[in-house]
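Down below is the structure, laid out as structure tokens.
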């Protein structure tokens, strides 16, 4: 989702690891039954937050307004830590590692979130006395305003809410100051997971002060001003340089922040992040490339957290933009991409090949879903002797994407596809994505919900927030609608098989690989909890340095 935006190790196949903005991940080794659940269902951890953690990221966030941000991983990670989310994933122990547990979604800022007998009406009860940094108390009216705003935006939340039968603001009702009901058009097995990524709340009293007739939802103001009231509050934000987070001592739920202060510093160059980590100038490096990670694994004082992942790296082709409005050109590019070379040279072999747009380990994955391998002659045949030109867009200062783009450009040229490489900063990239005018773009990320229905909702049906391919297919739309009320597992798997047959024929994406998750940290850093959605929950981290 909206979606950024790591991976997994030891959760059941129903567990989900997200979308760094857009596609899916999930821990693939072991079984959830082997671990024990903890954190996220009990009381607060003992002791106040202490110490300062220093985290390097590759870019400054494009906006503070979560309702309108998709693939900006820095922004999506920060949102998880500074917005108050009413519910969130718990934590489980699997194979000696702590991971977020999508099968155990628990109240955090809320007191409870429970369904009616028919599972169509869900009641959210808020904890009393929870306050934003402004001093305003978080109440039901804030939840209502936030969801009314989401429906008005018709972007991230509104897109995924359709999956569980929420399409109108009127379906969200205030019962009293601390109670809100969500009335779905139908019961859904996905409700808790969808709400875990959607139930963030704005300080509506403060936001309304900055609304205008032309901007009734204070979009301009919220884009520039950090939200408050999450696990951390933003105490300083210097554009393009640094963001300082302080633990929210008023957080009422389980697992309060361990670190008192977190300094998030923009270090665009991955090599500089590596040097700063080696020298002890930072504690966590979130933007180090694969080549540097390989060296850091042998560095004293540094630990590399590693696990198999269902993060997807793909090239999304706009099926409505020339030359990729021609399925033959899309197939040609699919044959022209050097998959094995990318895995070997860019990821050092530390990635899994995949044969479907449905992520590995997701229920219904079918290797027939992507029948394309590197074959220049087949690429030439698909083009029929033509030469086509386009641009390939990728994130600026992203060494991994740049290296992939160079390899794709080189091999595509052999087939008759000339690509101009276009690196874009997050703000510009976000703007062009909203305009839907990018013919070809590299994306990476994970889905927050490990289910094809959710994947379709975010990326492959009309109006989906992350459908940068502009892909629509009447049969896929029908299957998506049918899936809402299909609960039999065999029937759902049959639907997903047909979806993948359509993807194989229509080729809206070139699916490259699923890289393993690697995160270099100082050895003094403890408490890492592997996020199923690729978005670090910083409250678990501490440092002994």
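The values are calculated or read from the model by the stated rules, or taken from the named source; none is laboratory data. The shown structure was predicted, so the numbers you read here are calculated from the model rather than taken from an experiment. Using ideal geometry, Cβ is built from the backbone for each residue, glycine included, and neighbour counts are taken over all protein chains shown.
Could you look through the range 396-410, keep only residues that are at pLDDT below 95 and at negative phi, and pick out the one that is surrounded by the fewest Cβ atoms within 10 Å (Cβ to Cβ)? Across the range 396-410, the extreme among qualifying residues is 396. Helices (runs of 4 or more DSSP H) fully within the range 142-255 that include at least 2 residues being buried (at least 17 other Cβ atoms within 10 Å of the Cβ), modelled with pLDDT under 95 and touching a strand residue (DSSP E or B) at 6+ places or on another chain (Cβ under 6 Å): 191-198.
The numbered conditions (1) within 24 Å of the chain's Cα centre (by Cα); (2) within 24 Å of residue 468 (Cβ to Cβ) are all true for residue 284 except (2). Take residue 491 and decide whether it is modelled with pLDDT of 95 or more and exposed (fewer than 15 other Cβ atoms within 10 Å of the Cβ). So residue 491 does not fit the description; no.
Is it the case that some residue within the range 121-128 is at pLDDT 95 or above, buried (at least 17 other Cβ atoms within 10 Å of the Cβ), within 14 Å of residue 204 (Cβ to Cβ) and in contact with a strand residue (DSSP E or B) (Cβ under 7 Å, 6 or more places away or on another chain)? Among the residues of the range 121-128, at least one is at pLDDT 95 or above, buried (at least 17 other Cβ atoms within 10 Å of the Cβ), within 14 Å of residue 204 (Cβ to Cβ) and in contact with a strand residue (DSSP E or B) (Cβ under 7 Å, 6 or more places away or on another chain), which makes the answer yes. Give the range 49-64 a look and list any residue that's part of a loop (DSSP other than H, G, I, E, B) and farther than 21 Å from residue 431 by Cα, or say none. Once the filter is applied, which keeps residues that are part of a loop (DSSP other than H, G, I, E, B) and farther than 21 Å from residue 431 by Cα, the range 49-64 yields 49, 50, 51.
Yes or no, residue by residue, for (1) in a strand (DSSP E or B); (2) in the same structural domain as residue 343 (by TED's automatic domain parsing); (3) within 20 Å of residue 352 (Cα to Cα):
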{"position": "471", "(1), (2), (3)": "no, yes, no"}
{"position": "481", "(1), (2), (3)": "no, yes, no"}
{"position": "490", "(1), (2), (3)": "no, yes, no"}
{"position": "495", "(1), (2), (3)": "no, yes, no"}
{"position": "504", "(1), (2), (3)": "no, yes, yes"}
{"position": "510", "(1), (2), (3)": "yes, yes, yes"}
{"position": "528", "(1), (2), (3)": "no, no, no"}
{"position": "534", "(1), (2), (3)": "no, no, yes"}
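For residues that are surrounded by 14 or more Cβ atoms within 10 Å (Cβ to Cβ) and touching a strand residue (DSSP E or B) at 6+ places or on another chain (Cβ under 8 Å), tally how many sit in the range 374-390. Total meeting the criteria: 4.
Taken together, 370, 339 contain a single residue that is under 26 Å from the mean Cα position of the chain (by Cα), more than 29 Å from residue 272 (Cα to Cα), at pLDDT 95 or above and assigned by TED's automatic domain parsing to the domain that holds residue 458, which is 370. Scanning the range 270-285 for residues that are within 9 Å of residue 54 (Cβ to Cβ) and either in a helix (DSSP H, G or I) or in contact with a strand residue (DSSP E or B) (Cβ under 6 Å, 6 or more places away or on another chain) (or both) yields a count of 4.
Would you check if there is a residue in the range 65-74 being at pLDDT 95 or above, in a loop (DSSP other than H, G, I, E, B) and buried (at least 22 other Cβ atoms within 10 Å of the Cβ)? Yes, the range 65-74 contains a residue that is at pLDDT 95 or above, in a loop (DSSP other than H, G, I, E, B) and buried (at least 22 other Cβ atoms within 10 Å of the Cβ).
Residues that are touching a strand residue (DSSP E or B) at 6+ places or on another chain (Cβ under 9 Å) and part of a helix (DSSP H, G or I) within the range 412-429 comprise 412, 413, 426, 429, listed in sequence order. Only one entry of 337, 304 meets the criterion of being surrounded by 20 or more Cβ atoms within 10 Å (Cβ to Cβ), touching a helix residue (DSSP H, G or I) at 6+ places or on another chain (Cβ under 8 Å) and at negative phi, and that entry is 337.
Can you say whether residue 56 is more than 15 Å from residue 226 (Cβ to Cβ) and modelled with pLDDT of 90 or more, as far as the supplied structure shows? Yes. Residues that are closer than 14 Å to residue 88 by Cβ and surrounded by fewer than 24 Cβ atoms within 10 Å (Cβ to Cβ) within the range 526-536 comprise 529, 536, listed in sequence order. Yes or no: the range 445-463 includes at least one residue that is assigned by TED's automatic domain parsing to the domain that holds residue 399, assigned to a strand (DSSP E or B) and either over 16 Å from the mean Cα position of the chain (by Cα) or modelled with pLDDT under 95 (or both). Yes - at least one qualifying residue is present in the range 445-463.
Yes or no: residue 288 buried (at least 21 other Cβ atoms within 10 Å of the Cβ), part of a loop (DSSP other than H, G, I, E, B) and not assigned by TED's automatic domain parsing to the domain that holds residue 354? So that I can check it myself, show each step before the final result.
Working: buried (at least 21 other Cβ atoms within 10 Å of the Cβ): yes; part of a loop (DSSP other than H, G, I, E, B): yes; not assigned by TED's automatic domain parsing to the domain that holds residue 354: yes.
Answer is yes for this residue.
Filter the range 430-444 for residues that are touching a strand residue (DSSP E or B) at 6+ places or on another chain (Cβ under 8 Å) and part of a loop (DSSP other than H, G, I, E, B); which is surrounded by the most Cβ atoms within 10 Å (Cβ to Cβ)? Restricting to residues being touching a strand residue (DSSP E or B) at 6+ places or on another chain (Cβ under 8 Å) and part of a loop (DSSP other than H, G, I, E, B), the top hit is 438.
Could we say that residue 264 is outside any loop (DSSP other than H, G, I, E, B) and within 22 Å of residue 135 (Cα to Cα) here?
Numbers: outside any loop (DSSP other than H, G, I, E, B): yes; within 22 Å of residue 135 (Cα to Cα): no.
No.
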